[in-house]
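The values are calculated or read from the model by the stated rules, or taken from the named source; none is laboratory data. Source: prediction; values computed, not measured. Positions of Cβ are backbone-derived with ideal geometry, glycine not excepted, and every protein chain shown enters the neighbour counts. Heads up: the accessible areas ignore ligands, DNA and RNA and are worked out on the full protein's heavy atoms, side chains in. Shrake-Rupley method; radii C 1.70, N 1.55, O 1.52, S 1.80 Å.
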Amino acid sequence: MSALPDGKKLVRSPSGLRMVPENGAFHSPFSLNEPQWVPDKECARCMQCDTKFDFIRRKHHCRRCGRCFCDKCCSKKVALPRMCFVDPVRQCAQCSLASQKEMEFYDKQLKVLLGGGSFVATLGTSEKSETMMCRLSNNHRYLFMDGESHFEVELSRISSMQILTDGSSPGESDIHTYTSLPDTQYLSEGWTSRASGMLLHYKPMGAQDAQQLKVEAADDRKAAALWLAAMHKAAKLLYEARDQ
């Protein structure tokens with residue numbers, strides 16, 4: 001599946017122009033579906049400030065949450081790559097803040113993930129490890145593992161992800177999982193400098209049981225830590241998308 005073409009097409013929705021995959025199966029796992037707009041007949045007042053709508057005070061729908069607001073409460077136009085919009089779209093204050101925070105991932109961390117990092121990978125309970133380049137595929141759907149051998153992990157089939165960090169004492173380590181991700185503090189220099197590895201559990205296509213993959217920083221630990229921090233952010237977006 002990762003080798004199949006994933007062309008894009010331009011579509012128009014009530015919210016604006018979107019550039020989406022021609023094949024719906026190739027949507028990025030980080031993407032969000034467009035919300036259903038709250039019907040106009042159910043919006044007599046702004047859902048933020050409670051201002052009553054009239055001929056002067058028009059109603060506007062947030063393109064991210066679909067709720068109805070006055071112009072004052074929904075005036076910002078912000079890029080929304082998670083819904084594939086071509087241009088910045090109107091969003092309420094809360095949603096625009098969330099979208100602005102996510103832009104750091106698309107502007108910085110995503111490029112790091114696509115560039116890849118060097119890790120020592122151990123598949124399953126095998127005692128054999130291999131130095132491999134781990135990178136995100138261009139369509140964001142797979143982790144490619146390249147070394148003497150090659151295999152792929154589909155992000156949508158990952159059941160859990162743990163980022164391993166070096167502790168303050170020898171032999172001490174911390175584990176952060178996608179179920180308890182910290183907020184943006186984890187992107188601080190102190191946290192990223194401590195990231196040392198990643199433990200994934202995923203179910204390969206056609207398999208009944210989950211597979212374990214452990215990767216640990218190879219030679220360039222600083223570059224590996226930055227890649228792991230980016231993967232940590234990716235996991236947060238991935239599981240938020242599943243919940244929505």
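Just a few scattered comments:
- Per the listing 69, 30, 53, 85, the residue uniquely within 15 Å of residue 13 (Cα to Cα) and of a type in the set (Phe, Trp, Tyr) is 85.
- Comparison of 113, 97 shows that the only residue that is modelled with pLDDT of 90 or more, in a helix (DSSP H, G or I) and in contact with a helix residue (DSSP H, G or I) (Cβ under 7 Å, 6 or more places away or on another chain) is 113.
- Each residue in the range 207-222 was checked for being under 23 Å from residue 158 (Cα atoms) and either open to solvent by 80 Å² or more (accessible area, probe 1.4 Å) or assigned to a strand (DSSP E or B) (or both), and 9 pass.
- Per-region count, the range 74-94, residues without any contact (Cβ under 8 Å) to a residue 60 or more places away in the chain and out of contact with any Ser or Thr (no Cβ under 8 Å at 6 or more places or on another chain): 8
- Subset of the range 72-117 (residues that are open to solvent by 40 Å² or more (accessible area, probe 1.4 Å), closer than 23 Å to residue 37 by Cα and of a type in the set (D, E, K, R)): 72, 76, 77, 87, 90
- Of the strands (runs of 3 or more DSSP E) lying entirely inside the range 8-78, those carrying at least 1 residues that are over 12 Å from residue 91 (Cα atoms) and out of contact with any Gly (no Cβ under 9 Å at 6 or more places or on another chain) are 8-13, 16-21.
- Enumeration of residues in the range 41-85 that are more than 26 Å from the chain's Cα centre (by Cα) and among the hydrophobic types (A, V, I, L, M, F, W, C): 43, 44, 46, 47, 49, 53, 55, 56, 68, 69, 70, 73
- Members of the range 115-130 that are within 9 Å of residue 218 (Cβ to Cβ) and charged (D, E, K, R): none
- Pick from the range 118-140, criterion assigned to a strand (DSSP E or B) and of a type in the set (S, T, N, Q), ranking: most open to solvent (accessible area, probe 1.4 Å): 131
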